[in-house]
Amino acid sequence: MTGDQPGAPQTRRGLIGALIDRFGHLVREMSKFATVGGFAFLVDFALFNYLASVRHMPPVAAKTISTVIAATLAFLGNRFWTWRHRQRSHPAREYALFFFFNGVGLGIAVACLAISRYGLGAIWPEVFQTPLADNIASFIVGTGLGTLFRFWSYRRFVFVEAGTPPVPVTSRDRESGA
């Protein structure tokens, strides 16, 4: 640590220290987000496979149900752990935005599953219409792409940083013609 005078702010030395000072909060948020997401992923994975394999539910319906339940758990974990330090807005606003962005993430995962099962599966059914292909399309490809989108959207729109106003609603002033 540096700081020549008593009471001077302490900073780390070197490139690594500068990176930690600059991006440490982001790394901590990503770690917590990944932990919450990992737990939600396990719930999603187990429930999807139970519904699809044991209950013989169609894969897209099973994925939709498992994602909604896992998303509810993820909301609670992210609100009360990952971004607990951030300013709180109205809970209904956060919940609605969280589920809207989860809906987009669900759409990404379901689209990957549907493309694999019904698009590629029409060409090569013995490969793409299998439980393994469904899991790869849904959980590896779909969840991976959806997770990148979710992290960005939650951080930007749902759990806003203290002092960061939510995205303003624009309106035209009719009298000024603007």
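Miscellaneous remarks
- Taking every alpha-carbon pair under 8 Å whose residues sit at least 6 apart, region 106-159 reaches a relative contact order of 42 percent.
- Per-residue HN-Hα couplings for region 28-44 [Karplus 6.51, -1.76, 1.60; θ = phi - 60°; Hz; x = Gly/Pro]: 5, 4, 5, 5, 5, 4, 5, 5, 4, x, x, 5, 4, 4, 4, 4, 4
- Note that region 99-111 has calculated 3J(HN,Hα) couplings of 6, 4, 5, 5, x, 5, x, 4, x, 5, 5, 5, 4 Hz, one per residue in order, obtained from phi through the Karplus relation 6.51 cos²θ - 1.76 cosθ + 1.60 (θ = phi - 60°); glycine and proline are x.
- Calculated from backbone phi, Karplus (6.51, -1.76, 1.60) coupling profile of region 127-140 in Hz, x at Gly/Pro: 9, 8, 10, 10, x, 5, 5, 4, 5, 5, 5, 6, 8, 8
- Summing charges over neighbours of residue 52, with a neighbour being any other residue whose Cβ is under 10 Å away from its Cβ, gives +1 when K and R count +1 and D and E count -1.
- Cβ-Cβ FRET estimate between residue 73 and residue 115, R0 fixed at 25 Å, reported to 0.05: 0.40
- Calculated FRET value between residue 55 and residue 156, using beta carbons and R₀ = 30 Å, to 0.05: 0.20
- Gain on full extension, evaluated as 0.36 nm per residue between residue 30 and residue 45 minus their Cα-Cα distance, stands at 3.3 nm.
- Heavy-atom SASA rank of 138, 53 (probe 1.4 Å, accessible area, largest first): 53, 138
- Charge-dipole axis of region 62-153 as Lys and Arg at +1 and Asp and Glu at -1 on Cβ define it, positive-most pick from 70, 110, 144: 70
The values are calculated or read from the model by the stated rules, or taken from the named source; none is laboratory data. As the structure is a prediction and not an experimental result, all values here were calculated from the model. Methodologically, a virtual Cβ is constructed for each residue, glycine included, from the backbone with ideal geometry; neighbour enumeration extends over all protein chains shown. Calculation scope for accessible area: heavy atoms of the full protein, side chains included, ligands and nucleic acids excluded. Shrake-Rupley method; radii C 1.70, N 1.55, O 1.52, S 1.80 Å.
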